[in-house]
Amino acid sequence: MADLIHTVADLRARLFPIRHERKIIGLVPTMGALHRGHGRLIEQAVSGSGFVIVSIFVNPTQFNQADDYQAYPRDLAADLAFCEQRGVNLAFVPSAAEMYPNEGLTSVNVSRLTDHLCGPHRPGHFEGVATVVAKLLNIVQPDRTYFGEKDCQQLAIIRRMVEDLNMPGEIIGVPTVREPDGLALSSRNQRLSAEQRQAATVLYRALRKSEDLVRAGETCPGEVMKQGLAVIESEPLARAEYFEVVDPEQLQPLDEIAGQVLIAGAIWLGTTRLIDNLRAAPADSA
Ligand code: AMP
């Protein structure tokens, strides 16, 4: 049976002997509503660590809209069964009051990497993410922490935070898990109607179209973005929030495509926002 722990003090006490045994501690931070995408992170953690912790915490400080926070899917019993089946040793499920016992005067801001993509559209979001991940890393002190490449900007920001602040432990990126039709798995997919679910593939199709253009030698980022956006606009149920081509390390716009690029987009289907990304490179640059 995986342990279920709700407080920081209990977690630290539980991990004391584990650390003493020199077991490799792997952490998978999540907001719950676990699906096969999270499952892939957990599988990697289980194969690469001696003791695996999944944190389940719907972090209020990273939501821009109160109704999105309220509507976020929650199913703790299903999540615990999911962890159990995959060999997780411990589920850390703190309350908001446990994570934020006071108003919190300290936060982590990673500049530049937050300038584009989701950053301008979700003010304060990445500050909330970086701060809660910093707290989780301090609480758990894992040897390895696993994040999905689906949230590419989040992964880049966390890597940079860990590097800049000399946080111990390794950050491991895990490739995006998709449905057979290309839709990236997301806890938010369950909020889509049947029609929206069908329409949701448009983001992946736009990314693939852009990837093909880059691979075929298109060097103009504006042209790639324009054609990707045209794919999204062809779907009446979808509204593009952004669709951008940036350099994969600094997440900055490019004048010209000369090597590997990151193509990332966000769309709205009704009140549900979905994100996805792909990396692409000109065929002759490999
Ligand atoms: P979330 O619960 O949405 O905050 O996600 C927790 C972790 O799972 C993050 O590191 C995500 O990037 C990762 N994740 C979410 N969806 C997927 C997916 N489809 N494939 C791989 N990783 C994912």
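The values are calculated or read from the model by the stated rules, or taken from the named source; none is laboratory data. Just so you know, these numbers come straight off a predicted model, no measurement behind them. Quick reminder, even Gly has a Cβ in these numbers, built from the backbone with ideal geometry, and neighbours come from all protein chains shown. In case anyone asks, the SASA skips ligands and DNA or RNA and just uses the protein heavy atoms, side chains included. Shrake-Rupley method; radii C 1.70, N 1.55, O 1.52, S 1.80 Å.
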Conditions (1) open to solvent by 40 Å² or more (accessible area, probe 1.4 Å); (2) within 20 Å of the chain's Cα centre (by Cα); (3) at pLDDT 95 or above -> Ala134 fails only (1)
Pro73 passes all but one of the listed conditions (1) assigned to a loop (DSSP other than H, G, I, E, B); (2) buried (at least 18 other Cβ atoms within 10 Å of the Cβ); (3) in contact (Cβ under 8 Å) with a residue 60 or more places away in the chain; the exception is number (2)
Would you confirm, using the coordinates I've provided, whether Arg36 is within 9 Å of the ligand (Cβ to nearest atom) and loosely packed, with under 15 Cβ neighbours inside 10 Å?
yes
Contact list, first residue from the range 92-115 and of a type in the set (D, E, K, R), second anywhere and open to solvent by 30 Å² or more (accessible area, probe 1.4 Å), beta-carbon distance below 6 Å, six or more apart or interchain, is Glu98/Thr7
If we scan the range 206-219, do we find a residue that is away from the ligand (no atom under 16 Å from the Cβ) and touching an Asp or Glu at 6+ places or on another chain (Cβ under 6 Å)?
yes
Only one of Thr30, Thr61 is within 16 Å of the ligand (Cβ to nearest atom), open to solvent by less than 30 Å² (accessible area, probe 1.4 Å) and modelled with pLDDT of 95 or more, namely Thr30
Here the residues within the range 120-161 that are in a helix (DSSP H, G or I) and within 9 Å of the ligand (Cβ to nearest atom) are Val129, Cys152, Gln154, Leu155, Ile158
Exactly one of Val54, Val108, Val46 is over 14 Å from the mean Cα position of the chain (by Cα), outside any helix (DSSP H, G or I), more than 13 Å from the ligand (Cβ to nearest atom) and at pLDDT 95 or above, and that residue is Val108
